[in-house]
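Readers should treat all values here as calculations from the given coordinates under stated rules, not as data from a laboratory. Remember, predicted model here, so these are calculated numbers, not experimental data. Here the Cβ is made from the backbone with ideal geometry for all residues, glycine too, and neighbour counts use every protein chain on show.
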Amino acid sequence: MPYTIIISASSDKCSSLRSPPLKMHTAPCAPQNITVNPVCDSNGMTAAWSPSLVAESYSLTASSRDGDVRTCRSTANNCTLLHLHCGQIYDVSITASAGNCTSLASQQVTFYTVPCEPQNMIVEVQCDTGTATLSWVEGQGSLQYFTTAQTMDGHTLRCDTTSTSCSIHGLTCGTLYNFSALASDGTCNSSLTVPIQRGAVPCAPVTVRVRTHLMVDATLVRVYWNFVDCPDVTYLVRVTGDIQDNPESLMDVSSYWTDINYFEFPVPCSTSYSVTVLAQNSAGISRPSQAVTGVTVPCPPMNVTFTGDSSSATVGWRSSALTTGYRVYQLSSDGRVPVCLTSNLSCEVSGLQASNVAVTAWNSAGESLASRVATGQTLNRRKRNVGFAKICASLTPEELAVPEARVSVTGQSLQVEWSLVTGAESYTLIVYEDTEEQPKEVVSVYRTEIATVTDLEPATRYCIIVSAKNNNIQSAYSKPVCVTTDASE
């Protein structure tokens, strides 16, 4: 307010003249009725107040709890501050000025800025339920969160929560999504998080099974699995293992990506292996399936020795890895007869000669090829067509005797033995399902007179035929011997 000051002196008898007038102004009053409103899109605020008489300008000060201080000067009774710290409480006060005078500060007003965006967001997609779980670190000043999953063509799924995690349901397998989140205090929203791209990748196959078939010096491992319910899926099989049960002799092989549900690998004898299957499509690659582990048939015992004579002798051999035990056989024109079963590396025999002794190793996967004191040829194995094999056999100009097959069933495995054929160098064994439909065939070539076929279907009728062959001719196939595997437990 402006004031005029005049001074005079007086006594009880007279008074002096008045002094010349002196004009002066008092400081403005402190601003009143302060209101503060947010500017959400710029993380700011706008303050307004009632004008103070004689005030020529105003100064606003905003101080946050984290030490940020902002000021604003204005000749009007309002002021705006932008780009404040997110998720903070600011204390706001205003002074009015006129000339060289400044009012006392107004009463403080508290203001909450825009909440901070969620931090360290993580996205986990559950392929089996089509659900994505988002989690994050709480944003300061947040009361609620809004999350979205948006496809490339703009389709959006949402989830809202007051906690720091949320699950978005209804993802489509094989689709890519951009996941983001923002925080809200009920008035303003934070900025969106940087989108995280994740695909609703297919699940790995749930059921992975393995069948094994003996080859010449290896085991053919056939891996098969159920198809995954997801569009455009391809699969990759990985087989790892320790060859000869030696951690320094590692096997690590993979198939190519395929849209069928089986694949075959030759795995060396005496190898412990682990099989996993992955699935992929345009959304990405699944996690590996649960591993299926196993061992292959042992390698044939090496360095078989025969010490003694026909009346009494010791048969010895070197150990074979991953072996449960060994069998010593007496060989004859009628086949072979086991004469010793042991877990040791030698066996006492009588009535045998070195030329008709053979030794095998066995474990849960089956029995190895036989080793003899005089090492013979090794076997070969290949896939063949049954009809083609029979035609070839029928066109041979000479004849070999037809082997006689004997089959025993143990669970889902078959132990097949057949008679020795003079002049034969190998035998072709065919195992097929006894069905009117196109049968599934297992074709193997052996140079011994015994074979183990494992991992067949339970409670299924199979027929077995055997043919003898040498480099020139092949015999007719034996009369089918049909048996039924045991039902699974």
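With the charge dipole of region 305-372 set up from +1 on Lys and Arg Cβ and -1 on Asp and Glu Cβ about the Cα centre, the Cα lying farthest toward the positive end among the listed residues LEU352, TYR329, ASN363 is that of ASN363. Ranking SER419, ILE473, VAL223 by Cα position along the charge dipole of the chain, where only Lys, Arg, Asp and Glu carry charges on their C-beta atoms, puts VAL223 farthest toward the positive end.
Taking each residue as 0.36 nm, the span from GLN415 to ASP12 lengthens on full extension beyond its C-alpha to C-alpha distance by 130.4 nm.
Between the C-alpha center of region 17-41 and that of region 101-131 there is a gap of 36 Å. As a proxy for reagent exposure, ranking SER191, SER52, SER408 by other Cβ atoms within 10 Å from fewest up yields SER408, SER191, SER52.
Ignoring everything except DSSP H segments at least 4 long, calculate the 222 nm mean residue ellipticity for the chain; use -39,500 (n - 2.57) per segment, divide by total residues, nearest 500. After summing the helix terms and dividing by the residues of the chain, the value is -500 deg cm²/dmol. The share of alpha-carbon pairs in the chain lying farther apart than 30 Å comes to 68%.
Restricting attention to the chain, the count of lysine pairs at 8 or more positions apart or across chains with alpha carbons under 28 Å apart stands at 9.
Spin-label point model (7 Å from Cα, Cβ direction): what's the THR75 to ASN472 distance in nm? A separation of 12.3 nm, rounded to one decimal place.
Remark: spin-label model distance VAL194-VAL109 equals 3.8 nm, labels positioned 7 Å along the Cα→Cβ axis. Simple rule: put +1 on each Lys or Arg Cβ and -1 on each Asp or Glu Cβ in region 83-173, find the dipole, and look at THR131, GLN144, GLY99; the Cα lying farthest toward the positive end is GLY99.
Label reach from ASP128 (point 7 Å along Cα→C-beta): in region 194-237, amide nitrogens under 17 Å belong to 201-209, 226-230. Fewest neighbouring Cβ atoms within 10 Å first, the residues VAL483, VAL416 line up as VAL483, VAL416. If R0 is 25 Å, the Cβ-Cβ spacing of ILE89 and SER57 corresponds to a FRET efficiency of close to 0.40. Between THR484 and VAL206, residue separation times 0.36 nm minus the direct Cα-Cα distance comes to 97.3 nm. Using the Cβ-Cβ distance between ASN344 and SER249 with R0 = 25 Å, the FRET efficiency computed as 1/(1 + (r/R0)^6) comes to roughly 0.45.
FRET efficiency for the ASN226 to THR314 pair, using the beta carbon distance and R₀ = 60 Å, is estimated at 0.70. In this label model, SER165 and ASN356 are separated by 7.3 nm, measuring between points 7 Å along each Cα→Cβ vector. Contact order, relative form, for region 119-199: 30 percent (alpha carbon pairs under 8 Å, 6 or more residues apart, mean separation divided by residue count).
Once the Cα-Cα distance is subtracted from the 0.36 nm per residue extended length, the ASP334 to SER42 segment shows a gain of 95.5 nm.
For region 305-372, the dipole from Cβ point charges (+1 on Lys and Arg, -1 on Asp and Glu) about the Cα centre works out to 160 debye, to the nearest 20. Taken about its Cα centre, region 25-112 carries a charge dipole of roughly 100 debye when the Cβ of each Lys and Arg holds +1 and the Cβ of each Asp and Glu holds -1.
Net charge dipole, the chain: roughly 1140 debye, given to the nearest 20, about the Cα centre with Cβ charges of +1 for Lys and Arg and -1 for Asp and Glu. Exposure proxy shown here: for VAL339, VAL92, the number of other Cβ atoms within 10 Å sets the order, fewest to most, as VAL339, VAL92.
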